[in-house]
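Encoded as structure tokens, the structure appears first; notes follow it.
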Amino acid sequence: MSLSAYPVPVGIVGLGKWAGVLTKAAEKSKKIKVVAGFSRSHEKRAAYTREFGIPSVSDLAQILGNKEIRGVLITVPNELHLPIAEQAAIAGKHVYVEKPIANTLADGLMLSDLGKRYAVQVMVGHCARLLSGVRLTKEAIDRGELGRVCYIECNFSNDRGLDLTPDNWRWYRARSPGGCLSQIAIHCFDILHYLGGEILEAGSMASKLSPTGAEVDDQSLTTVRFVDGKLGFVGSSWTSPGIFSIKVVGTKALMHYQIDQSAWGSADRLHESAELYFQKRSEGFAQRNLLPVPPGDMFCEELDMFADAIASDTPSSLSGENGCVALAVIYAALQSIEEHGRYIDVRGLLASHS
């Protein structure tokens, strides 16, 4: 691809907190440039332009009709992902959406299909798999250093459930299915898919323990079985200090990676307090080998991937199809919760919605 294709100009739709995170990441990139923002809120437009010096508009058509803009970054509530992505794709704009790809599996599959229907790239922000410790773990698995992988666990928790109020869309079950399950545990399911391969089935339980009275569950435990027989576990709490940890157990060794989840928004500094260790089968915990965690920035890297997908007209590994897999596991878990822990076939669920 030609270097003249960069930086790729994009617009950002929705100017809340996460728009700020992505815009700061884009400022560090040589491959992508945010040139305009859209929000219906005058206050958010003014604050965004004041902070970043980027013009913002009150009419989405001004972004979609701008021939300079090649793609859009969509950072709005989940149920708005599909309608906005469809408008963008019809206008010939490439689409990046935050995870989950959509609020329902049917919407997610339709959003993913926009790429083929309108010849645009569709990408979903499953950035956690880009964390440097996750990548090092994947490389060790691929080199066979862990032996046969038998078990993978991931925990992503924070205290958001203690701060929910009725004016926040995450309060409502219809807008935030499963609460922490669809909002943060979905990162874990994508990582399990990335590290472990195809997931066959999922079983889950959930509970609502936050004193806020929100509609959504704020605790979830999910177990999965992979197609090749390995097992996985994902835990998530919305009433907890920040946790982000991954453990992969193999017949030769295990690897464990954890970061300071409270610093999630400062992705370029996560390596400073992260821990990654390798423990051989014949060794105890005290003999574990602490590994250096290289610097990285998952937000900048995912935006670079989006720019590369646009410039090369080639799907990234964070494709719409990949995003639908993680969402299918979420909906298998939700169905399992309703059916008191019965295991749900993930592939069958995807097929039934296709």
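Within 22 Å of the chain's Cα centre (by Cα) and basic (Lys, Arg) - does that describe any residue in region 226-238?
The answer is no; no qualifying residue exists.
Residues being closer than 16 Å to TRP18 by Cα and in contact with a Gly (Cβ under 7 Å, 6 or more places away or on another chain): count how many of those fall in region 52-90.
Summing the residues that are closer than 16 Å to TRP18 by Cα and in contact with a Gly (Cβ under 7 Å, 6 or more places away or on another chain) in region 52-90 gives 6.
Mind counting the residues in region 136-159 that are buried (at least 17 other Cβ atoms within 10 Å of the Cβ) and either under 17 Å from the mean Cα position of the chain (by Cα) or among the acidic types (Asp, Glu) (or both)?
Qualifying residue count for the region: 6.
Could you say which residue among ALA106, ALA89, ALA85, ALA102 is in contact with a helix residue (DSSP H, G or I) (Cβ under 8 Å, 6 or more places away or on another chain) and surrounded by fewer than 20 Cβ atoms within 10 Å (Cβ to Cβ)?
Result of the check over ALA106, ALA89, ALA85, ALA102: ALA106.
Only one residue in LYS33, LYS67 is more than 18 Å from HIS81 (Cβ to Cβ) and either in contact with a Lys or Arg (Cβ under 8 Å, 6 or more places away or on another chain) or surrounded by 13 or more Cβ atoms within 10 Å (Cβ to Cβ) (or both), so which one is that?
Only one candidate qualifies: LYS33.
Does region 163-173 include one or more residues that are closer than 29 Å to ARG281 by Cβ, of a type in the set (S, T, N, Q) and not in a helix (DSSP H, G or I)?
Taking every residue of region 163-173 in turn, none turns out to be closer than 29 Å to ARG281 by Cβ, of a type in the set (S, T, N, Q) and not in a helix (DSSP H, G or I).
Hey, among ASP304, ASP308, ASP268, which residue is of a type outside the set (Lys, Arg), surrounded by fewer than 21 Cβ atoms within 10 Å (Cβ to Cβ), part of a helix (DSSP H, G or I) and in the same structural domain as VAL97 (by TED's automatic domain parsing)?
ASP308
What are the residues in region 99-130 that are within 13 Å of ASP190 (Cα to Cα) and in contact with a strand residue (DSSP E or B) (Cβ under 7 Å, 6 or more places away or on another chain), if any?
Passing the criteria: LYS99, ILE101, VAL124, GLY125.
For region 13-30, how many residues meet the condition of being buried (at least 19 other Cβ atoms within 10 Å of the Cβ), within 16 Å of PRO77 (Cα to Cα) and within 16 Å of the chain's Cα centre (by Cα)?
Residues flagged as buried (at least 19 other Cβ atoms within 10 Å of the Cβ), within 16 Å of PRO77 (Cα to Cα) and within 16 Å of the chain's Cα centre (by Cα) within region 13-30 amount to 2.
Tell me the helices (runs of 4 or more DSSP H) entirely within region 31-90 that contain at least 2 residues that are charged (D, E, K, R).
Correct list: 42-52.
Quick grid of which residues meet (1) surrounded by 20 or more Cβ atoms within 10 Å (Cβ to Cβ); (2) of a type in the set (Ser, Thr, Tyr); (3) over 22 Å from GLU338 (Cβ atoms):
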| position | (1), (2), (3) |
| --- | --- |
| VAL95 | yes, no, yes |
| LEU131 | yes, no, yes |
| VAL134 | yes, no, yes |
| TRP171 | no, no, no |
| GLY178 | yes, no, no |
| LEU181 | yes, no, no |
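Condition check: in contact (Cβ under 8 Å) with a residue 12 or more places away in the chain, touching a Cys at 6+ places or on another chain (Cβ under 9 Å), under 27 Å from ALA61 (Cβ atoms) and assigned to a helix (DSSP H, G or I). Does LEU109 satisfy that?
So LEU109 passes the test.
Of the numbered conditions (1) over 19 Å from GLY125 (Cα atoms); (2) touching a residue at least 40 places away in the same chain (Cβ under 8 Å), ASP190 fails exactly one; give the number of that condition.
For ASP190, the failing item is (1).
Go through (1) at negative phi; (2) not in a helix (DSSP H, G or I) one by one and return the number of the condition LEU350 breaks.
Going through the list (1) at negative phi; (2) not in a helix (DSSP H, G or I), LEU350 breaks only (2).
Considering only region 129-159, state which residues are basic (Lys, Arg) and in contact with a helix residue (DSSP H, G or I) (Cβ under 7 Å, 6 or more places away or on another chain).
ARG129, LYS138, listed by residue number.
The values are calculated or read from the model by the stated rules, or taken from the named source; none is laboratory data. Model, not experiment: these values are computed from the prediction. Positions of Cβ are backbone-derived with ideal geometry, glycine not excepted, and every protein chain shown enters the neighbour counts.
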